[in-house]
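Just below is one structure, and these are the notes that go with it.
Since every read-out is calculated from the coordinates, none of them should be taken as a lab result. None of the values given here were measured: they were computed from a predicted structure. Cβ: placed from backbone, ideal geometry, glycine included. Neighbour counts: every protein chain shown.
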Amino acid sequence: MSLHRVNKPHRWETTANIPNSAGAEAQQSKRKRRPKKKAKKKAEAQALHNEQMLAAQREEIRPRRIKSPKIMLPGPKPTDEYLNAAAQDFYVVDPPRRMLVILDLNGALVHRPDNNPRKTVPRPFLAPFLDFLFDNFCVMVWSSARPQNVARMVDSVLPPKHRSGLVARWDRSHFKLTPEHYAQNVQVYKDLNLVWTAESIQPQPSDADDVVRWDQSNTILVDDTALKAQGQPYNLVEIPEFTNTPAQQGCDILREVASYLQTARMQVDVSRFIKNYPFKADGTWKFDWPDDLANVPVAGMEPLHPTPRYE
């Protein structure tokens with residue numbers, strides 16, 4: 001047994017192998033366990049944080065936003081000049097004219113669950129429809145989504161061979177909205193005069209035809225909302241909104257649209273044709289594409305050259 005002095009005077013304690021009291025043992029054991037318990041909690045919290053970050057990156061967790069009511073802005077109206085031109089007689093030309101097709105994305109060609117630009121569900125027959133378009137038309141995209149969301153949708157919808165062939169890729173910044181309206185849920189209008197006066201997207205002169213500018217006679221807007229085209233209603237091919245319902249998954253609207261466009265591209269003035277024969281998804285128009293092409297992925301598809309069949 002040895003003796004050592006405690007800091008208080010005249011007090012001595014032994015350091016012999018005498019068992020500690022139960023209270024001292026519990027206190028010492030608690031001191032030993034406490035750091036381990038804190039470290040374990042810290043590790044669990046870090047692991048949970050890492051899982052949440054990964055889930056957010058994969059877009060598995062998205063805060064649900066409640067859309068504010070749409071603000072209705074005044075839209076363009078057809079001019080007398082436009083209406084008079086569309087009222088003229090239409091007739092077929094051979095060879096077909098070079099035409100511009102303007103595609104809407106969300107609601108027309110794809111469905112975005114929860115408006116998530118990283119998740120897009122393609123409309124049936126989208127792959128052969130895109131191949132048909134890019135083989136026979138000049139194509140541009142015009143969406144009311146913001147630039148970064150349009151870029152993501154284009155990357156997910158169009159394979160590289162088609163992305164490189166786009167005439168233009170327009171987004172929300174091309175509607176001439178005020179800064180206040182740009183950030184709000186407002187009704188937008190696709191005024192085709194903006195396309196027809198944009199010098200950067202005008203066609204290059206060609207010996208094959210006499211098209212020197214995009215105009216009323218050679219422009220087709222494919223959209224699911226007629227209101228957006230109220231300024232030029234006879235340049236619109238309106239298709240039902242795609243919301244990925246079970247009934248729509250078994251539908252072949254894009255086969256009908258392709259057949260309609262095949263006839264439209266042979267017209268001297270497409271607005272005259274659309275005025276007299278507006279598109280209706282009633283089975284009148286249909287390409288003879290095999291049914292097994294309905295759900296073919298867009299990426300990696302070989303170009304198709306279907307033969308139209310009119311019913």
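Observations on the model:
- Amide H contacts for GLN267 (H built 1.01 Å from N in the peptide plane; partners 5 or more residues away or on another chain; cut-off under 5 Å): VAL93, ARG97.
- Across all directions, the average flat footprint of the convex hull enclosing the Cα atoms of the range 80-310 is 12.8 nm².
- Two-site label geometry, LYS176 and GLN230: point separation in nm, points 7 Å out along Cα→Cβ: 1.6
- Neighbour-count ranking [beta-carbon atoms within 10 angstrom, fewest first] of TYR260, TYR277, TYR91, TYR189: TYR91, TYR277, TYR189, TYR260
- Estimated FRET transfer efficiency when R0 is 22 angstrom, pair GLN187-VAL92 (beta carbons, to 0.05): 0.05
- Distance between the range 115-164 and the range 94-109 - C-alpha centres, whole angstrom: 12
- At full extension, LEU73 and LYS42 could sit 5.9 nm farther apart than now, given 0.36 nm per residue minus the alpha carbon distance.
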